[in-house]
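First up is the structure itself, then whatever we jot down about it.
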Amino acid sequence: MKPFATPSRSFLCVRHGLTDWNRQGRFQGRTDISLNDEGISQAQAAAWRLRNVQFDTVVSSPLIRAVKTAEIIAAASGKTIAIDAGLIECDFGSFEGRPISEVMDEHGITAVEALATILPADGEPWASVSVRSLHCVGQWLDRHPQATILFVCHDAVMQSMSEALCRSWFENRHGTPFRFARTGASWTLEEL
């Protein structure tokens, strides 16, 4: 596995709004589940929080929960949306649809971060999530050197990028915008 590419500059990210599977605590991965009513409200709240934040375009994962969140934010801000499969959620393979707490119990895991170490062989390796997503982000930033870009994606994508860039996981609530901020060679994560 090649190492991840570090993006050239800061960028914005937001996790999609809530789905029924999120509410039930299930691995969702690439299963294409729609936002529920609370998720739509969270996407609207994200748009409200972003009303005074300058950004030029919205790039979304192709999964419907991310696209709907991106559409709500883009409509409120008058921005365009692009879809990029590089932002798609981790493929959790045979874990998809299973309760996260059940899998954690089976493997004796108490910290969510440890799930990255026991992903099934029929899914996507954890290391490839950050390589793929940071490559995607880097390409968008390089193609649009003057633009501030908002990426709408998923928890595992954002956690993998945070782990790679900031060396930590974080509390990633649905519909909460963050800035991955680069200062020299250092990265921090700031809630907006």
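Every read-out reported here was derived from the displayed coordinates using simple, explicitly stated rules and does not represent laboratory data. Values in this document were obtained by computation on a predicted structure and should not be read as measured data. No Cβ is skipped: glycine too gets one built from the backbone with ideal geometry, and neighbour counts run over all protein chains shown.
Here are some notes:
- Summing charges over neighbours of residue 91, with a neighbour being any other residue whose Cβ is under 13 Å away from its Cβ, gives -3 when K and R count +1 and D and E count -1.
- For a modelled paramagnetic label at residue 56, 7 Å from Cα along Cα-to-Cβ, the residues of segment 116-145 in reach, with backbone nitrogen under 11 Å, are 141-145.
- Nitroxide proxy distance, nm - points 7 Å out along Cα→Cβ at residue 102 and residue 31: 1.0 nm
- Relative contact order of the chain: 34 percent, from C-alpha pairs under 8 Å at least 6 residues apart in sequence.
- Against the set (1) 1.43; (2) 0.97; (3) 0.95, the structure's computed Rg/Rh (Cα atoms, Kirkwood Rh) falls on (3).
- Between residue 8 and residue 64, the simple spin-label model (points 7 angstrom out along Cα→Cβ) gives 3.7 nm.
- Point-to-point label distance, residue 23-residue 38, nm (Cα→Cβ direction, 7 Å offset): 0.6 nm
- Computed from the Cβ-Cβ distance with R0 of 25 Å, the FRET efficiency linking residue 192 to residue 128 stands at 0.35.
- Under 5 Å between amide hydrogens, built in the peptide plane, is the criterion, and for residue 175 it picks out 15, 16, 17 among residues at least 5 positions away or on other chains.
- FRET efficiency, residue 48 to residue 80 (Cβ-Cβ, R0 22 Å, nearest 0.05): 0.65
- Linear extension gain, residue 182 paired with residue 146, 0.36 nm per residue minus alpha-carbon span: 11.4 nm
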